[in-house]
Structures are given as structure tokens and as C-alpha cells.
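Any read-out appearing in this document is the output of simple, stated calculations on the displayed coordinates, not a laboratory observation. Because the structure is predicted, anything quoted here is derived from the model rather than measured. Methodologically, a virtual Cβ is constructed for each residue, glycine included, from the backbone with ideal geometry; neighbour enumeration extends over all protein chains shown.
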Amino acid sequence: MNTKLRVSEISKIYPGCVANDEISLEFGSGKIYALLGENGAGKSTLVKILSGVVRPDKGEVFLNDKSIKLNSPLDAKKNNIGMVFQHFNLFETLSVFENLSIDSDKKNEDLRLSVNNILKKYNFKIDLDIPVLNLSAGQKQKVEIIRCLIRNPKVLIMDEPTSVLTEQETEDLFVSLKQFSDDGILIIYITHKLKEVLSLCDEVAVMRKGKVVSVSKTKEEKIETLANKMVGENLSTIKKKINNFKYSEEILKISNLNFRSDDPYETNLINLNFSLKKGECLGIAGISGNGQSELFQILSGEIITDYTSIKFRDKEISKLNPRERREYLMAFSPEDRISQAAVPELKIYENVALNNFKSSNFFEKGLVNEKKIKEHSKKILSNFSVNTDNVEMKSQFLSGGNLQKLIIGRELITSPELLVCFNPTWGLDVGAINYIHETLININEQGKSSILISTDNDELLKLSDRICVIYKGKLSKIMYVNEVTPEKLGILMGGGSID
Amino acid sequence: MSFDLNFIGILIGAIMASSVPLILAASGELITERSGVLNLGVEGMMIIGAISGFALMVITDNLFLAVIGSMISGLIISIIFGVLTQSLLTNHVATGLALTIFGIGMSAMIGKNFVGIPGKEFPLLFVNFKENIPFLGPILFGHSIILYFAFLLPFLTNYFLKKTKIGLIIRAVGDSPTSASNQGINVTLVRYSCILYGGAMCGLAGAYLSLIYTPQWIENMTGGRGWIALALVVFATWSPIKVLIGALIFGGITILQLHMQAVGLRIPVQLLSALPYIMTIIVLVVISRDSRKIKLNTPTSLGQIFYKEK
């Protein structure tokens with residue numbers, strides 16, 4: 001079964017944005033193709049066109065040299081094009097089997113038989129009769145994949161499939177995708193993660209600002225070359241100068257931090273002690289779920305614990321709430337941009353106002369001084385190169401990278417002495433990651449301190465002056481970054497010990 | 001003793017009759033809500049059904065036409081709601097409230113000429129059995145065909161939602177219209193159909209009131225039953241069988257408290273009148289405590305406006 005898919009001069013224009021500009025690409029079965037690009041490069045629009053969700057303004061799609069019309073998702077199904085969206089298209093309250101049967105014409109018994117065959121063939125383990133809301137993200141994705149496989153797809157499109165998966169689930173997914181490819185299914189893999197392209201795909205097409213800028217074999221590419229193509233400029237790989245600890249002043253001292261939770265999904269923290277010098281970045285590594293979010297919340301004041309002593313510039317702040325801590329010039333950038341750091345339904349300037357109660361000129365006699373806040377917000381947008389100057393825009397329309405820049409900017413514009421951030425670049429594209437890294441390095445050079453809690457070891461090694469690892473709520477000893485190797489971190493993150 | 005038993009049978013029969021409009025309207029609204037549409041116009045659609053059924057009966061002298069006509073008029077008025085919320089994307093809550101106000105006003109206007117006209121006797125089935133069998137007779141027999149239909153309806157609805165493909169599609173649309181649309185389901189069509197069905201059932205509920213239960217036209221004769229039906233759907237956590245239970249409890253306590261008032265118990269009348277509302281809610285809350293089941297039955301997209309990306 002040989003499949004050839006060709007898109008020819010596809011264009012799609014949204015008000016104010018050319019999402020796809022004369023895209024032409026060719027794919028053939030037996031290979032895994034990567035469609036690589038930053039957020040907003042037009043990848044998602046292209047796959048929505050291929051799956052019939054969005055109609056192009058111009059251009060044609062050819063399947064095995066025959067022009068096909070994709071006016072609706074049904075058309076894509078009829079032409080054996082399967083699609084797994086980044087945001088699952090599942091019905092949470094229906095059972096797995098009901099989800100599968102909803103768009104199948106088969107009788108229930110026949111469908112169950114073929115689903116069971118697929119489960120066996122690809123070694124998927126999923127209970128068909130429980131509601132989807134009880135499944136993990138990885139399992140939900142498998143349900144989506146099975147839904148495609150039932151229809152014997154010629155083409156399978158995966159849109160950013162690993163953004164919600166754990167590392168193990170990602171590995172499993174790659175194994176499955178290679179199996180599908182061996183079975184003759186043409187796979188188009190949309191991503192902005194460079195490592196995945198190199199480890200999984202045979203060919204890669206890079207998109208930028210709605211255009212295809214390069215098509216090549218992945219064998220001929222390296223992370224750097226792909227990154228440069230994606231961003232469209234030579235990324236200056238900034239390096240941090242080695243910290244000679246010119247300031248001796250201790251800015252933060254944590255002693256006897258203990259945290260006990262009755263919630264089985266929270267991790268207890270056991271006897272953490274550490275301190276931070278002025279101008280230093282302390283990195284805290286670890287596999288997620290080992291107590292990072294509890295530690296962050298204790299540092300930010302979202303959780304107040306007894307007996308713990310947190311001294312910030314020689315003042316005891318352990319009983320203060322986040323607003324009061326901000327008044328002492330601490331700043332926080334939480335892990336979840338959408339639900340913790342910002343209110344997506346609010347406008348940009350409203351989000352800026354939210355954590356700046358301190359700024360007394362924002363509020364006068366209980367009334368909001370919009371003009372002041374807007375001026376202040378404009379300053380953040382331009383100082384931190386957020387990709388808009390419209391402070392009236394709802395925050396939910398910002399891309400992840402721009403939202404993160406806004407959040408970090410909002411925190412830094414008050415020149416805090418300490419910034420605590422948690423996975424600041426999670427899910428961002430290369431350009432935004434680079435910008436945020438630069439910003440974090442800059443604040444250290446200005447003599448401000450930072451605590452970087454991150455699950456990304458490359459990031460930690462690049463930004464930190466000292467690093468420790470959190471494992472099951474305990475901290476390892478704190479090491480200078482030049483003593484640390486990725487291998488050492490790996491051992492500590494798995495609960496092992498070094499030296 | 002046999003007299004007492006027979007009296008209880010008659011009482012139960014009366015309770016069943018009083019819960020019919022609630023069952024019909026709530027079952028219709030349940031389907032509508034399961035597709036993710038919150039139509040607060042139940043009261044308005046019911047009263048339009050009541051007046052049009054009665055008016056058609058007077059004009060045509062044909063009860064069959066009157067019943068069918070009431071369903072059609074409930075359906076027509078629900079089209080207004082459908083066009084506004086599904087095609088013009090107006091807010092479900094505001095539109096539903098407007099529909100109720102519109103229905104009450106409209107019915108009063110049409111109904112002016114029909115006040116004081118006596119109703120027609122509606123044929124009852126198996127009347128012989130009712131009189132000859134003690135206790136069970138008045139419970140099971142001697143009712144109108146609409147009552148039998150109403151008591152079958154929750155079971156049919158349950159089967160329809162759980163076992164049929166169309167039922168599955170309705171639940172899917174109520175869960176996530178965007179996903180459904182991406183699966184190639186015509187969300188707008190499904191939601192329109194559910195709105196129209198809900199309208200027809202509310203119309204029938206109204207006709208039951210004006211043709212059978214109290215065969216005459218009185219302004220505002222639905223007396224808030226539409227709102228009770230709406231509340232039943234929510235407190236029954238979108239389960240048809242629990243709607244039936246809730247409707248029976250409500251009807252039952254309504255009838256019982258009337259008897260208690262008649263007997264002259266030393267309980268304030270206001271408290272007795274409030275009893276059906278309080279008890280129904282308490283019972284439904286207690287039998288619907290399983291939070292997992294609530295989550296599975298609740299239409300996640302309830303009241304959300306859906307539009308398709310072009």
C-alpha cells in the first residue's frame with residue numbers, strides 16, 4: 001500500500017494574519033515526516049485544513065495524485081486521513097467504547113472485535129468500558145489513535161502529541177508510531193520540539209510565519225541548524241558568566257522547612273535547609289511530583305507552614321501571604337501560566353494590575369486607575385518584547401511564550417530582589433525560551449537573586465550557579481554548577497547517591 | 001378495610017395524574033439539556049401548549065387534533081428559541097426567560113375569549129377495571145392515554161439515551177460540541193432537534209393540564225409547573241428515572257398536603273404548601289449523591305454557545 005499525499009499552494013488568511021502562505025509539500029508512506037515550527041508558524045492551520053476542520057482560501061490537496069475535497073471532517077475520514085489533535089476531541093463523560101462507536105458505522109460487536117484486535121496488535125492496555133475522564137493523558141491519546149486506526153487510515157497526523165505526555169508515555173508513543181509507519185501508514189508529526197524530530201522522524205519540513213522555509217532529511221540536520229531555521233535568525237546562544245560570588249550578603253535563608261499534607265496527591269517536604277546569596281541563581285532539579293510545587297507554594301506564601309523559618313533580607317517572612325511577600329520585593333512566576341499566573345479571560349492590563357496592589361497609584365479610593373495601569377502595562381509589553389502593544393487584548397489570545405514574557409515582565413518591572421520561578425519555559429518555542437533565559441541571566445548580573453525550580457536539566461545547567469535535586473520531598477546537597485554533570489543529576493533525580 | 005384500601009388507591013391515582021405534566025415537560029427538557037442547551041422557557045412553552053390545545057378543542061371539537069395541535073404549537077414556539085440561540089447565538093438563559101414571559105403573555109391574549117368555556121370529557125381507558133378491582137384498579141386503570149404515555153416516557157428516554165446511536169450522539173454533543181463537530185456531527189442540527197422535541201413535550205404537558213387535569217382555560221394555569229420541571233431535571237442530575245421519582249414525590253406531597261390542610265392539622269398552611277418543594281429537593285439530593293455519576297450524567301457544555309469555525 002503506497003500512499004502519496006501532496007498539498008499544493010495552500011493559503012489561508014485570517015484577519016490580520018496570514019496563517020498559511022502558498023504551502024506546497026509532498027509526503028509518501030513508509031516514512032515519518034516532521035512539520036516543525038514555532039507556535040503560530042501555521043502548522044496547526046495546515047493540519048486543520050488536512051483534516052477538514054478549516055477550509056483553505058486557496059490551494060488543493062492530492063491523495064495518490066487525485067485531487068480531494070476536504071470540506072468537513074467527514075471528508076477527511078472518507079479519504080482515510082486520521083488526525084489526533086493536540087487538544088483531545090474526546091467526550092469525557094462517555095465510556096471509551098462509546099467514544100469509539102460514535103463515528104463508526106460498524107455494529108457494536110464487530111467494532112468491539114476490531115478494537116480488541118488493535119489493542120492486542122499494538123499492546124495498548126485500556127479498559128473500554130470506563131469513562132474517558134478516568135484515563136490519563138497518555139491513555140486518552142491512545143483512544144484517539146485507536147479511533148483513527150479503526151478506519152484503516154492511509155495518513156495519520158499527530159498534532160503536538162507529546163505536550164501532555166510523561167517521558168515514559170512519549171517513548172511508548174514513538175514505538176507505536178514507528179510500528180504504524182512500518183505498517184505502511186504515512187505519518188505527519190507536528191511539533192516544536194527539536195529533539196523529537198531528530199529521534200523519531202525521517203524528513204522534516206520547517207515552517208515559519210506561514211511559509212515552508214526548508215525541507216530536508218533529518219539525518220542531515222542538527223538541533224542547532226533546525227533551531228536556526230525555525231527562528232529565522234542565528235540564535236545567539238548566550239552563556240552565563242561563571243559567578244564569582246562578589247556579593248557575600250545572604251538574601252534568603254530557609255531553615256527547618258517541613259510540610260505535611262493529608263492530600264495523597266501532595267508530597268511531604270522533609271527538613272529542607274538552604275540559603276541564597278545576592279546575585280545568585282539556585283537551581284532545583286527533580287522529576288516532577290517530588291515536592292516542587294509544594295516548595296514553590298511555600299516560598300510564595302500560598303501555603304503557610306508552622307515552625308518553618310524563612311528569612312528574607314534578615315526579616316522573618318514565613319507567616320506572610322504572597323501579597324505581603326511581594327511588598328518585601330520577592331517575585332514569583334508559578335508553573336501554570338493559565339490557571340495560576342494569569343486569568344486568561346481578563347485583559348492584559350487587568351492581569352498586570354492583579355498582583356501590583358503595592359503600586360498605590362493603580363488604585364485610588366477603591367477605584368481602578370486604568371490610565372496608570374495601561375501605561376505601566378505598555379511599558380512591560382515593550383520592555384519584555386511581548387508580541388503586541390494592545391493592552392486591551394484578552395490574555396488568552398497571547399501565545400504561551402508571550403504570556404510567559406508578560407508574567408515575568410510583570411514580576412520584574414518592580415525590580416524585585418528575588419525571583420522564584422517554576423518551569424518558566426515549559427512548552428515554549430525556541431525563540432521564547434531563549435529570551436526568557438537571557439532575562440533570567442540578566443537579573444543575576446544586576447545583583448538580583450533567583451530560585452529556578454525546573455524539570456529541564458539543560459535549562460538548569462545553563463542558568464544556575466548552584467544546583468540541588470529534590471527527591472521525594474528531600475533536598476540533595478547543594479553543588480556548584482561546574483561540579484555537576486547531567487549524569488550526576490540523573491542519579492540524584494532517581495533517588496541514588498553520588499560520591 | 002376494603003374502603004380504606006380503595007381510598008388509598010384513588011389517592012395514588014390522583015398523585016399519578018398530578019405528576020403527569022411534570023414528567024412530560026421534564027423529560028422533554030432533559031433531552032434538550034442533554035444536548036447542551038439550557039431552555040428556561042419550559043413554563044412559556046407549556047402554557048402555550050395549554051391554551052392552543054384548549055382553543056383547538058373548542059374550535060374543532062376534536063380532542064385528537066387538540067392534543068396534536070398543542071404539541072405542534074409547543075414545537076413552533078421552541079423554534080423561536082432555537083433560531084435565537086443556535087443560529088443567532090444569543091445567550092441561552094436570557095432567551096429562555098424571554099420565552100417564558102412571551103408565552104405567558106401570548107397565552108393570556110389568545111385565551112381571553114376562552115375563559116369560562118367548559119372543557120370536553122377526555123376519554124379514559126379501562127374504566128371498568130378501575131371500578132371493579134379494589135386498590136389496584138384506581139391506580140392502574142381509568143386514566144387517559146397521555147398518562148400511560150407519560151409513565152412510559154422516562155424509561156423510553158433512558159433507553160434512548162443509553163442504548164441508541166442517536167442518544168449517544170446527543171450525549172456527545174452535550175459533552176463537547178467542539179469535539180462532536182470535529183467528528184463530523186452536525187451539532188446545530190442535533191441541538192435544534194432536541195430543542196424542538198423539548199418544545200413538543202412541553203406543549204403536550206400543557207395540553208394535559210387544560211384538556212384532562214382541569215379541563216378549562218384559566219389564565220396562568222400552569223402555575224409554575226414549568227419551573228418545577230426545570231428544577232426536577234437538575235436535581236435528578238439528568239437521569240430520566242430520577243425525574244419520574246421526583247415528579248411523583250412532588251405530586252404526592254402536593255396532594256397529601258391538600259388533604260392535611262382539609263383535615264385541619266395544626267401546621268401552618270404556608271409550611272404545608274412549601275412541603276412539596278422542600279421534600280422533592282431533599283429526596284432528589286439524597287438519591288443523587290454519587291458525585292461520579294453526577295459528573296457522568298451532567299452535560300458539560302450546558303448553556304454554552306457553540307459556533308463552527310469556518
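Annotations
- On Cα atoms only, tilt of B:42-60 relative to the major axis of chain B in degrees: 60 degrees
- Considering only beta bridges that DSSP places wholly inside the stretch A:4-231, some 55 percent are antiparallel.
- For the residue pairs A:Lys48/A:Lys142; A:Lys374/B:Lys295; A:Lys69/A:Lys120; A:Lys246/A:Lys472; A:Lys43/A:Lys374; A:Lys319/A:Lys448, the alpha carbons lie more than 30 Å apart in A:Lys374/B:Lys295; A:Lys69/A:Lys120; A:Lys246/A:Lys472; A:Lys43/A:Lys374.
- Dividing the Cα radius of gyration of the protein assembly as shown by 2.2 N^0.38 Å, with N the residue count, gives 1.17.
- C-alpha long axis of helix B:2-34 to longest principal axis of chain B, angle in °: 10 degrees
- What separates the Cα centres of the stretch A:72-121 and the stretch A:266-327 is a distance of 47 Å.
- Residue exposure proxy: B:Val93, A:Val61, ordered by other Cβ atoms within 10 angstrom of their Cβ from fewest to most, comes out as B:Val93, A:Val61.
- Fewest neighbouring Cβ atoms within 10 Å first, the residues A:Leu346, A:Leu367, A:Leu282 line up as A:Leu367, A:Leu346, A:Leu282.
- When the convex hull of its Cα atoms is projected in every direction, mean area for the stretch B:100-163 (nm²): 7.8 nm²
- A Cα-only calculation for the stretch A:78-195 places Rg and Dmax at 13.5, 43 Å.
- Shape category assigned to the stretch B:2-224 from the gyration tensor of Cα positions, a/c cut at 1.5: oblate
- What separates the Cα centres of the stretch A:125-171 and the stretch B:8-23 is a distance of 50 Å.
- Rounded FRET efficiency, nearest 0.05, which uses the C-beta distance separating B:Val58 from A:Asp262 and R0 of 60 Å: 0.30
- Our compactness index for the stretch A:239-334, the C-alpha radius of gyration over the empirical 2.2 N^0.38 Å, is 1.13.
- Structure-based [θ]222 nm, chain A - -39500 (n - 2.57) summed over DSSP H runs of at least 4, per residue, nearest 500: -9500 deg cm²/dmol
- Order of A:Val206, A:Val231 under a 10 Å beta carbon neighbour criterion, fewest first: A:Val231, A:Val206
- Summarising the label geometry, the points placed 7 Å from Cα in the beta-carbon direction at A:Glu364 and A:Ile130 lie 5.9 nm from one another.
- 0 to 90° range, to nearest 10: angle between helix A:400-412 axis and chain A longest Cα axis: 10 degrees
- Between the stretch A:427-490 and the stretch A:1-58, the alpha-carbon centres lie 37 Å apart.
- Cα gyration tensor, the stretch A:84-130 - rounded (a/c under 1.5), prolate or oblate: oblate
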